[in-house]
Amino acid sequence: MSILINKDTKVIVQGITGRDGAFHASKMKAYGTNIVGGISPGKGGMEVEGVPVFNTVEDAVKATGANASVIFVPAPFAGDAILEASFAGVGLVVCITEGVPVQDMIKVTPVLKQNNTKLIGANCPGLITVDECLIGILPGMIFKKGNVGLISRSGTLTYEVVNMLTESGLGQTTCVGIGGDSVSGLYFIDLLEMYENDPETKAVVLIGEIGGDAEEQAARFIKEKMTKPVVAFIAGQSAPPGKRMGHAGAIISSGSGTAAEKIKAFNEAGVPVAKEPSEIPGLVKGKLGM
Amino acid sequence: MKIHEYQARILFKKYGIPVPEGFVCHSVDEVKQKVSDDDKLRVIKAQVHVGGRGKAGGVKLANTKAETIEKAEQILGMDIKGLTVDKILVADAVDIEKEFYVGLINDRNSKSVTLMVSAEGGVEIEEVAKVSPEKIIKMPIDPTMGLMDWQARKIALKLFSDPKEVRQAAAILVKLYQLYVDTDASLAEINPLVLTPDKRVLAIDGKMNFDDNALYRQPEILAMREVSDDEKKEIEANAKGLSYIKLDGNIGCMVNGAGLAMATMDMIKLYGGEPANFLDIGGSSNPEKVVEAMNILLSDKNVEAVMINIFGGITRCDDVARGLVVALDKIKTDIPIVIRLSGTNAKEGLEIIRETGLPTVETMSEAAKTAIELSKK
C-alpha cells in the first residue's frame, strides 16, 4: 500500500519533446516508473526515450489507459495542459512547471472538482512511492522503502530531510512535494487524510513554510482526525516580516502566516516541531517508540 | 509587483470607478503650474510603496493654492520608512459621510478570487480583522461566472440601504472585479470607499498589486513598474534565474531551492548569526549562474562570511563544484567561504572543492557554525 501512486500507475508526460520533459522522462523510466506515453502537439507518432508520442492527452489515454500525467510545458501553457489532462479523464495530474499565473490556477480549480481530478502543484518536485513509481524531478536514489510518509511545500529541503531519514534507517512509503504556490492542487490536509487511511504509513513528516495558513489547518486536522503521529518542520523562522500582500493578505489568513503561529498550532495539536532539519529523524523515532 | 495610488487611480478611471479629481506631481514647480487658483480643500499624498504614510505625515490637507504648495514642499523629499518621497498626488478632498473597505484577493483556501467588504472602512482594517472578524464580509467568486450583478448587489446591500447608493456600489464592485481579472492582479483595495453627503459613492484611496508570474501578458501594467534600489538587485537576480532578497546580517548564503534557503537562514540564526540575504540559485548547475550569484552576494558590503549550501538532486554536486571553482577564480574575494555539498555526486564535488583549499563540511549545522566563526575573524 501507499498513497496516490504505485507500481500499476500508468504515466504520460506532457511536454515530452522539450529539454526538461525528455530528460526527466528518461530519469523516471530509469527509476522504474511505468511511462506509457508522451504528448507534444504535432509530433504524434514520434518516439522519445523509447516512449510513443501523441498529439493530445485524449489520444494518449485511449491508446495506453494512462491514469496519471506529469506536466513540463512552459508556464504560459501549463494551465491549459492541466485542463486538457483533466478533461481527458486523467485521475492524477502533477504539474512541475514553475511560474504559472495564479489566475490560471484559479480557473482550473472548478474543472478539477467537476472532473474529479487530483492535482499536485504547480511549481512542485512531484511525488514518489518508493521502489514503485516516481513522478516528477525527485532524485530517486535518496529514498528507501519504509513506513514514513512525507509531505512538503519545498523541493531541495525535502530531499535534505529524506536523505536524513534514509541515513538514520527510516524508510518512506510515499513522499509528496505539494509545491509552494499560493493557489495549488492538493494541500496538507488532503494528503494527511490519505496517510491516515494507508495501513503501511506509520508516521508522517510535514515540512511547511511561512505564509498562508495551510499549516494551521493541518494542525487542526491532526488534532481532530489523525491517530498516526506527525512531526513537523517550518522553514522561514528567521525571515523578516514585510514580504506580504498588504492588508488583505493578513485578513484572509486570519493571521499573518508567521512561523511562530504555525509552531504554536502544531504544539497545541501535539505535533513536535524540529528546530533544525537534523532533529526530524530523532523526533520520528521517538514517536514510533524506536 | 506594486503600483502607486495615482497609478491605481488611472486604472480605476479606465474601468469607470469614480475617483475625486486629482493629478500626480514630481516637483513643487509642477504643483505651482497644475493647481488652479481657486480656494478649495485639497489633499496632498506621498506616493511611496509603503503602508502607514498617513501616520508618518505623508498625507496633508490644504485649503488654498498657497497652502497646497507649502504642504507639497513639506512632503516632497520626506523620508517615510526609509523611502524618499519623489512624487505626490494632489486631489480634491471630498466630504465624507461614511467610509467602507472593499478588497479583492487571491484566496488560497477557497482557491478563488475573494471579495471582502466592511462597513468599518479607513486605515485600521487589519485591526478590525483581528478584533472583530465578523465585521468583514467575504465572498469567493466563481472564476467561470465572474462576479454576477446579483452577487454584487447582495454585498452592496450589506453596506448601503438606499437603492441609488446600492446601485453605485454594486457597479463599482463589478468593475473592480473586471479590472482585477483583466490585469492579473493579486490584490485590489479601495480603502476607503466613501459615501459623500450628496450621496455619491467614490473611491478615495486605491491600492493594487499584480502577479509577477503574469506580467509577461500584461505590458500595460509592466510599464507602470517603478523599482527601488533594493528591488533593482532583486529584479536583476530574477532575470538571471536567481531569487535574491537582501537582509541586514553579515553571513551571505547561497542555496539551491527556496525552502532549503529559508532553512539555511534559520540555521544561521539558530547558532547566533545573522543572515545577509536569501539567495536561491534554483535547479541549474550552470557555472555562469553561480558566478552571477556570487557577484550579487558579494556586492553587499555587509557580508563578512559566505555559506554555500547545496543539496544535489538533479543538480549534481560535481557540476556545482566546477561552477564554484570557476566563479571563485573570477571573483578572487578575501571574504571567507564555507561550502557544504550533499546528495548526488557529493563526494566528487567535495573533492573538486578541496583541491582549491576552501573549507568544506558535511552537514548544514557545521556549515552554519563554521560560517559564523569565520565572520568573527
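Within the listed set A:VAL13, A:VAL231, A:VAL176, the Gaussian network model of chain A (springs between alpha-carbon atoms below 10 Å) gives the highest mean-square fluctuation for A:VAL231.
For region B:264-377, with only Lys/Arg (+1) and Asp/Glu (-1) charged at the beta-carbon, what is the dipole magnitude about the Cα centre, in debye rounded to 20? Write down the numbers at each step before the final one.
Details: 13 positive and 17 negative charges, 28 e Å.
That gives a dipole near 140 debye.
Using only alpha carbons, region A:87-135 has a radius of gyration to Kirkwood radius ratio (Rg to Rh) of 1.01.
Quick one: in region B:164-234, what % of C-alpha pairs are over 16 Å apart?
Numbers: 1465 of 2485 pairs.
Percent of Cα pairs beyond 16 Å in region B:164-234: 59.
Sorted largest first, the principal axis extents computed over the alpha-carbon atoms of chain A equal 56, 46, 30 Å.
For region B:1-89, the average shadow cast by the Cα convex hull is 6.0 nm², which is a quarter of the hull's surface. Quick one: of the DSSP bridges fully inside region A:41-156, what percent are antiparallel, nearest 5? That works out to approximately 45 percent antiparallel. Listed values for region B:78-87 are Karplus-derived 3J(HN,Hα) couplings in whole Hz (6.51 cos²θ - 1.76 cosθ + 1.60, θ = phi - 60°), namely 5, 9, 10, 6, x, 10, 8, 7, 10, 7, and x replaces Gly and Pro. Restricting the calculation to alpha carbons of region A:29-161 gives Rg and Dmax of 15.0, 44 angstrom.
Taking the Cα centre as origin and putting +1 on Lys and Arg beta-carbons and -1 on Asp and Glu beta-carbons, what dipole magnitude results for chain B, to the nearest 20 debye?
560 debye
Annotation: the antiparallel percentage among DSSP beta bridges lying fully within the protein assembly as shown is about 55.
Restricting to bridges with both residues inside chain B, how much of the DSSP beta-bridge set is antiparallel, in percent to the nearest 5? Display every interim value, and only then the final one.
On the way: 48 of 64 bridges.
Within chain B, antiparallel bridges account for around 75 percent of the total.
Across region B:203-324, Cα-Cα pairs more than 23 Å apart make up 38 percent of the total. Based on alpha carbons, the Rg and Dmax found for region B:120-246 are 18.0, 55 Å. Put simply, the C-alpha atoms of the protein assembly as shown give a gyration tensor, and the ellipsoid matching it has half-axes of 45, 31, 24 Å, longest first. In this structure, the amide hydrogen of A:VAL205, modeled 1.01 Å from its nitrogen in the peptide plane, lies closer than 5 angstrom to those of A:GLY149, A:LEU150, A:ILE151, A:VAL231, counting only residues at least 5 positions away or on a different chain. Compare B:LEU115, B:LEU242, B:LEU358 in a GNM of chain B, Cα atoms joined below 10 Å, and give the one with the largest fluctuation. The residue that fluctuates most here is B:LEU358. Peptide packing for B:193-203, B:243-253, B:137-147 was compared via the average number of neighbouring C-beta atoms within 10 Å per residue; ordered from the highest value, the list is B:243-253, B:193-203, B:137-147.
Taking each of A:LYS223/B:LYS347; A:LYS29/A:LYS264; A:LYS29/A:LYS113 in turn, the alpha-carbon distance tops 32 angstrom for A:LYS223/B:LYS347; A:LYS29/A:LYS264. Any chance you could check the Cα centroid distance between region A:185-219 and region B:56-84 for me, in angstrom? Centre-to-centre (Cα) distance: 51 Å. Per residue, the protein assembly as shown reaches -11000 deg cm²/dmol at 222 nm when only DSSP H runs of four or more residues are counted, each adding -39500 (n - 2.57). Normalised radius of gyration (Cα atoms, divided by 2.2 N^0.38 Å) for chain B: 1.23. Rounded to the nearest 20 debye, the dipole size of region B:213-314 about its Cα centre is 240 debye, using +1 on the Cβ of Lys and Arg and -1 on the Cβ of Asp and Glu.
Partners of B:LYS32 within straight-line reach, counting lysines whose Cα lies under 29 Å from its Cα and excluding those fewer than 8 residues away in the same chain: B:LYS2, B:LYS13, B:LYS14, B:LYS40, B:LYS45, B:LYS55, B:LYS60, B:LYS65, B:LYS71, B:LYS81, B:LYS87, B:LYS207. Listed by chain and number, the lysines whose alpha-carbon sits under 16 Å from that of B:LYS330, ignoring those within fewer than 8 places in the same chain, are B:LYS289.
Can you give the Rg to Rh ratio for region A:105-209, taking only C-alpha atoms and Rh from Kirkwood? Write out the running numbers ahead of the final one.
On the way: Rg = 13.6 Å, Rh = 14.0 Å.
Answer for region A:105-209: 0.97.
No value in this document is a laboratory result; all are computed from the given coordinates. None of these values were measured; they are calculated from a predicted model. In this analysis, Cβ positions are derived from the backbone assuming ideal geometry, glycine residues included, and neighbour counts consider all displayed protein chains.
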